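As structure tokens, the structure follows; a few thoughts come after it.
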Amino acid sequence: MEEKTTAYTLVTDPDDLPGIATALEAAEAVGTDTETTSLSPRDGRARLLQLALPEQTFVVDLFEVGDISPLKGALEEGPVKVFHNAKFDYAFLKELHGISVAPVFDTMLAAQVLDGGRQGTAYGLDAVAERYLDEAPDKSEQRSDWSRELTARQLEYAARDAAVLLPLREKLLEALEAEDLVRVSKIEFAAVSSIAEMELAGVKLDVGRWKELEKTVRKRRDEAAVALEAHFPEPEGVLPLEGLGPRLNLNSPQQITDAFRSIGVELADTKVWTLLKVDHPAAKDLLRYRELQKKLGTYLETYPKFIHPKTGRIHASFLQCRVPTGRLACIAEGSPVDAPRDLLRYPTGIPIEKLREGDYVYSFDSDGIPKPRRILRTLRQGRKKVLKLVWRGGANTSYLGEMKATPDHLVRLASGAYKRMDELQPGDKLTWMRRSVSDDYAWLRWAGMESITVREHKHLVRGETVHHKDGNKLNNSPDNLEGMPRGEHSKLHPRPPVFKDCPYSEEELASMLSRGIARAAKIYPHDYNTLRRWASLYGIEVADMRRRRFHHVENHHVVAVLDEGEEVETYDLSIEGTPNFVVNEVCVHNCANPNIQQIPHEEEFRRCFVAEEGHTFVIADYSQIELRILAEVSGDPAFVEAFRKGEDLHSLTAATMYGVPMEEVTKDQRSDAKRINFGLMYGRGAKSLSAQLGTDEARGRQLIDEYFANYPKVQRFLQRTANRATRDRTLRTLAGRVRKFGNDPVEDDRGAMRREAMNYPIQGCVLGATRVFEKSRGYVPIRSLAGQAVSVWDGGRFSGATVVPSGKKRLVQVLLKGGHRIECSPDHKFLVRHNNGGEAWKTAGEIRSQERVVLADRMGKWELDLCLTPASPGRAWNANTADLNEIGTREELGEWLGRVASDGGVSERQINLLVAEHEEVLLPKLLSLTRRLGHVTHRTRVTEHQPQRLHHLTLSCTGLALQMKDMRIKERIPDVAWRSRSVLCGYLRGLFDGDGTVHPDGPVLTFGRGGKHIEWAREVQEALLLLGIRSRIGIYETRVNVRVMKKDVPLFCSEVGFMNPIKQGKAEAVVASSYKGKGGGSDAYGRAQKVESIQVMDEWVEMYDVVNSETERFAANGVVTHNSSADIAKLALAYMRRDLEGLDARLVNSIHDEFVVECREDLADEVSEKMRGAMTRAGERILEKVPVEVEVTVSREWTK
């Protein structure tokens, strides 16, 4: 396929950033990528930031620009930022530049969501682009050196990676919409920031306590080994020798099988389920030994090595979307690792288990050259299943080799890309390095895209003659090599003078050959072989003698990857600077960060993770959330009622199954019931359940039958789910997430199905005239945004989303006590606040009169382009042009429009303003503002019936008059006011000043009677709410009033107020209400209004919805509403991150439904309540029938 080129602009001047920010803010989406000098922001820097728009791509050199704060606004809000593996780029931008990117679209996560949990599929950008765009970006520059001066090829690669993300997003969006997975993908995107920040935060390990635990567990392991061996007879003819270790290899399945046979127990295999069914204490002792050995090898011996030297904390990896990366990739014990070494001692390589921190191994750099790199950590990973890679050697030889690693270990291809072991195909070309011995020296030979041969000692020590200290030329260990001038080396190895035929001295010849023999042969009158012979006689080594290039080379390539069911001890290395090393001639990737989610659940392990001095952990955990979800989706009345009553479900299940009162249930009976509750939910059958309970299979079947007899709806739900998965090979959760299965007709994945079965509320919609605040357009009717990606105000923040038409739906009118009105579908959800301060989502059909609906929080500042064009010339000679942009400041424009709307008028050709005698203090300002638009006729009128002076200001301009009529200035708030906070504040000030007054309870704005005035009043109410000011509408026979609530009068005076200083003084004199309602409960209600009425109309109208918003809600007409549901845990992550913002508190761990936050000790109570509130809200978004319970603990240690 022909490689495409991408036009780009390289940015090295920080003065260019504001212009780029402006361009980004006008875009719908921005392809975003970074190039970095390391895989972690703790160890490297971000070199490039690529920002792709449809017409141009900016490549920002961060080394040159430095401060990118001018881009902060556009990156933290504004358009959708499209990444591939957003978590990686987010971490660098957050850690190094303080930028929290939002909103995000991640093409990697989108592809994973579409694949529905299928494993083994590649999700690199090249693979995803090839699947969806039929083009595969060249990734060969990905691992090049980004710290040096950049090449044109690197810059082109960087620009192309960002540019391809925009069309890729479009294709993925189409696929997500077709699969009805857009909402699910947004859930994943919203979790990116929380997960990335968790990894950045890290967690502290008490190394001393951990080491003590290691000693304890090792002692237990040794005691378990002795106890296990005691079951087996002594081998005949063998004397026990104290101190020589166990007689059996307890990790050998064959020896264990033979040992059990010696005591009359036949084992089909040594798997866990087989041993659980064996009625012999040796089986239990073997299981205990294995458990302790795993804890020792996988965790206790390895985790301290993960502590980062800069932060002193362990930075774990947290995964999304069921992608199989939770395990650490590993290399089999005994695998030879290539390192600078003594070939006489280690001819094929140093066994991986013998390597230590600080040792050097060969690692390929970004140019494809193997260089010695220091080992930062050696990691023993425990026993794991491994695959065997069989490869065939290249470089003009033909031989077979093998390398064993876990299925998820990455192997480097000849192109420089990496591929999992279980994804390698026969014929795949590999990056390799091997050795040979010639002329008493060790030679290295390697190949990726080319082949190179070099003497090893000259490769390790450049620019000097190399001396082998021990005289062994095959020992190239770093401590055995010493560089020295050639003269000094010659003294150590004197040679007889046999240079009769060379006309040059040694110094002269060395100078001639300083740039190579081939170059010297072109300059001097000697051929190549003669110069080479003279150099050899003098012992001069030059580049041509130590490096040869072969242009026609056959790479090492894959013959087969075999799964022989082998489980062995495994190890891995963490390498300084470069992410790979060489195992038995093949280049592999080095280790990943640990997954703390796999830490053993025992208290003695968890309490080793501690908070920093002066800080503490707040640990919050959902109570039995999986069973609550099962109760919700199955609808089993006994399940649901148990949770509603707050009963212990495990004790209830035990009492029902064993036929005893709950108070008489024993500890063992409850434990059995707990295993059954969770076991059946995760799809266990009689065989595995009986093994876990330590009983026979018949008893296991009996217990299952009794269980389902008591909970019949649970049984029906599980059966329906399993049948659907078997029949359709896919399963959808109630939240819309899809799980796709393979073609194995006996596959039983009900456990995974259960875990994903969460409730999916029906989408609700609002009327097209309903206004929402869109960041780049202002406060506009929702129908004007249909089909567009937007950033909407959700009542507390801006949230990236999409507006979609929902078709015709039945109309419901929800009217609140203050006059707020929402017209929506029956299933549209509102955020309802209870009298205890708790919140829940309810549909319009579920809300009852007197319940309180949450109002949106006040908006911050917004100033958009006013989109005002100059009015066309009128007929009047003195009003040829009139441009509202020239009237003055935005607030002055608003004040003038407000005065025209209240005490003015618009005819076909003129605009009139009236100023009464008691308002004459305003006359100079209004006269000045109006004269900026053209010639003004000023008349004063006094009559018998109106003895007070009335000033008439008349501006003649047909164009401006028509413009004002198009605004419907006397019927509604003009659109220009919704686009600027300053204009809106000025407009309300002018409106209240002309038609408003100040009552003892606060300002009141009065309109005429009739329908249009009611709608105008509602717009004013919404406008005040955008500013955080609550009001109430009163509808009377002769007028319509908007009354500012007494409690918000001070805010009104500071944000809006009156133009007339006399009215302003009266308003400021109003004392804000301190009334707390009956029982003092209004503090709990906060910004919430009672529902007055809900009317279901016999009318079906076109409606619209805001979907896929990051916060899953939006503010419509100033009321917070709901648009979709999401997974409980990820919703809780997003909620907690938002609620904890601004506090000295950070999320450091998340395991299933448990969350750990580290905060200052004095903030523990506040953080506890915020976590409990966030998790409760997330749970209540999903569980409508079953209550949610959150348990919170505060401790300096990670405890249960």
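The values are calculated or read from the model by the stated rules, or taken from the named source; none is laboratory data. Please read these numbers as outputs of a predicted model, since none were measured by experiment. A quick note on method: Cβ atoms are made from the backbone with ideal geometry, for glycine too, and the neighbour counts reach across all protein chains shown.
Listed values, structure above:
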{"read-out": "Qualifying residue in segment 131-150 (condition: buried (at least 17 other Cβ atoms within 10 Å of the Cβ), over 19 Å from the mean Cα position of the chain (by Cα), in a helix (DSSP H, G or I) and of a type outside the set (V, I, T))", "value": "yes"}
{"read-out": "Candidate set from segment 183-202 (those that are of a type in the set (A, V, I, L, M, F, W, C) and surrounded by fewer than 21 Cβ atoms within 10 Å (Cβ to Cβ)); member that is nearest to P54 (Cα to Cα)", "value": "L200"}
{"read-out": "Residue check, V217 part of a helix (DSSP H, G or I) and over 30 Å from D126 (Cβ atoms)", "value": "yes"}
{"read-out": "Close pairs from segment 1054-1075: first at pLDDT below 90, partner of a type in the set (A, V, I, L, M), Cβ under 8 Å, at least 6 apart", "value": "V1070/V998; V1070/V1049; A1072/V1049; S1073/M1045"}
{"read-out": "Subset of segment 942-970 [part of a helix (DSSP H, G or I) and in contact (Cβ under 8 Å) with a residue 40 or more places away in the chain]", "value": "T958, G959, L960, A961, L962, Q963, M964, K965"}
{"read-out": "Tally of residues being of a type outside the set (V, I, T) and buried (at least 17 other Cβ atoms within 10 Å of the Cβ) across segment 1147-1171", "value": "13"}
{"read-out": "Residue check for K925: in the same structural domain as D1048 (by TED's automatic domain parsing) and under 26 Å from G1034 (Cα atoms)", "value": "no"}
{"read-out": "Qualifying residue in segment 543-557 (condition: under 47 Å from the mean Cα position of the chain (by Cα), at pLDDT 75 or above and buried (at least 20 other Cβ atoms within 10 Å of the Cβ))", "value": "yes"}
{"read-out": "Matching option when the condition is at pLDDT below 85, farther than 23 Å from D279 by Cα and part of a helix (DSSP H, G or I), among K713, K687", "value": "K713"}
{"read-out": "Unique match (being closer than 30 Å to R42 by Cβ, at pLDDT below 80 and not in a loop (DSSP other than H, G, I, E, B)) among G208, G297", "value": "G297"}
{"read-out": "Test: E1191 is touching a strand residue (DSSP E or B) at 6+ places or on another chain (Cβ under 7 Å), outside any helix (DSSP H, G or I) and of a type in the set (D, E, K, R)", "value": "yes"}
{"read-out": "Wholly within segment 981-1056, strands (runs of 3 or more DSSP E) carrying at least 1 residues that are of a type in the set (V, I, T) and under 14 Å from H820 (Cα atoms)", "value": "1031-1035, 1040-1044"}
{"read-out": "Of all residues in segment 1005-1033 being surrounded by fewer than 20 Cβ atoms within 10 Å (Cβ to Cβ) and among the small types (G, A, S), the one that is nearest to K1090 (Cα to Cα)", "value": "G1028"}
{"read-out": "Members of segment 258-273 found to be within 14 Å of D285 (Cα to Cα) and either β-branched (V, I, T) or touching a strand residue (DSSP E or B) at 6+ places or on another chain (Cβ under 8 Å) (or both), listed by number", "value": "T270, V272"}
{"read-out": "Restricting segment 1034-1052 to residues that are more than 20 Å from C985 (Cβ to Cβ) and not charged (D, E, K, R), the residue that is surrounded by the fewest Cβ atoms within 10 Å (Cβ to Cβ)", "value": "T1038"}
{"read-out": "Answer from A74, A111, A102, A91 - the residue that is part of a loop (DSSP other than H, G, I, E, B) and not assigned by TED's automatic domain parsing to the domain that holds V790", "value": "A102"}
{"read-out": "Residues satisfying the stated conditions in segment 939-982, i.e. over 58 Å from the mean Cα position of the chain (by Cα) and of a type in the set (G, A, S)", "value": "S956"}
{"read-out": "Qualifying positions in segment 161-176 - within 15 Å of D126 (Cα to Cα), out of contact with any strand residue (DSSP E or B) (no Cβ under 7 Å at 6 or more places or on another chain) and surrounded by fewer than 23 Cβ atoms within 10 Å (Cβ to Cβ)", "value": "P167, K171"}
{"read-out": "Residues of segment 990-1004 satisfying the condition of being crowded, with 24+ Cβ neighbours inside 10 Å and under 48 Å from the mean Cα position of the chain (by Cα)", "value": "G990, L991, F992, P1003"}
{"read-out": "Segment 574-617, residues that are part of a strand (DSSP E or B), at pLDDT 85 or above and more than 30 Å from R1146 (Cβ to Cβ)", "value": "F581, V582, V583, V586, C587, V588"}
{"read-out": "Members of segment 636-671 that are in contact with a helix residue (DSSP H, G or I) (Cβ under 8 Å, 6 or more places away or on another chain) and touching a residue at least 24 places away in the same chain (Cβ under 8 Å)", "value": "D636, P637, A638, F639, V640, F643, L649, H650, T653, T656, M657"}
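Yes or no, residue by residue, for (1) in contact (Cβ under 8 Å) with a residue 12 or more places away in the chain; (2) of a type in the set (V, I, T); (3) within 30 Å of K645 (Cβ to Cβ):
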residue: E1141; (1), (2), (3): no, no, no
residue: E1161; (1), (2), (3): yes, no, no
residue: V1167; (1), (2), (3): yes, yes, no
residue: K1170; (1), (2), (3): yes, no, yes
residue: L1183; (1), (2), (3): yes, no, yes
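The rows are residues; the columns are (1) more than 27 Å from V803 (Cβ to Cβ); (2) modelled with pLDDT under 80; (3) in contact with a Ser or Thr (Cβ under 9 Å, 6 or more places away or on another chain); (4) not assigned by TED's automatic domain parsing to the domain that holds S100.
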{"site": "G1077", "(1), (2), (3), (4)": "yes, yes, no, yes"}
{"site": "G1080", "(1), (2), (3), (4)": "yes, yes, no, yes"}
{"site": "V1107", "(1), (2), (3), (4)": "no, yes, yes, yes"}
{"site": "K1130", "(1), (2), (3), (4)": "no, no, yes, yes"}
{"site": "R1138", "(1), (2), (3), (4)": "no, no, yes, yes"}
{"site": "L1143", "(1), (2), (3), (4)": "yes, no, no, yes"}
{"site": "I1151", "(1), (2), (3), (4)": "yes, yes, no, yes"}
